[in-house]
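Here is the structure we will look at, set down as structure tokens.
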Amino acid sequence: LLISLLWFISGLVAWIFLEYLLHRFVFHLKTRNLWLRKLVYSVHGTHHANPQDKNKFYVPLIPSLCITLILFVISGLVLEQA
């Protein structure tokens, strides 16, 4: 039980840190590349354009699933080593 609780707390702290990093450095990416600017806007900028709209997700489904898959693979590799 203690090990599970420690893993849970570690995961929670890691997620909070990762979410901050993603939001700060990826979702607010400053670039001159027009394609990248459009991509970042479509993923997260629409939320800032109309933050009170409850029908908009912070991140659309497809990018969310990609991020989830990456995190799932990384966590599996980490847990495999534990």
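Under the simplified labelling scheme, the Ser64-Phe8 pair shows an inter-label distance of 2.3 nm, with each label point 7 Å from Cα along Cα→Cβ.
Note: relative contact order over the chain, using C-alpha pairs below 8 Å and six or more positions apart, is 16 percent.
For the chain, the carbon plus sulfur part of the accessible surface works out to 72%, probe radius 1.4 Å. Per residue, the chain exposes 88 Å² of accessible surface when a 1.4 Å probe is rolled over the protein heavy atoms with every protein chain present.
Over the residues of the chain, the helix contribution to mean residue ellipticity at 222 nm works out to -20000 deg cm²/dmol, using -39500 (n - 2.57) for each DSSP H run of at least 4. Dipole orientation for the chain: of the candidates Trp35, Leu6, Leu65, Trp35 has the Cα lying most toward the positive pole (charges on Cβ; Lys, Arg +1; Asp, Glu -1).
The values are calculated or read from the model by the stated rules, or taken from the named source; none is laboratory data. All values reported here derive from a predicted model rather than from experimental measurement. Neighbour counts are summed over all protein chains in view; Cβ atoms, including those assigned to glycine, are modelled from backbone coordinates with ideal geometry. Heavy atoms of the whole protein, side chains included, go into the accessibility calculation; ligands, DNA and RNA do not. Shrake-Rupley method; radii C 1.70, N 1.55, O 1.52, S 1.80 Å.
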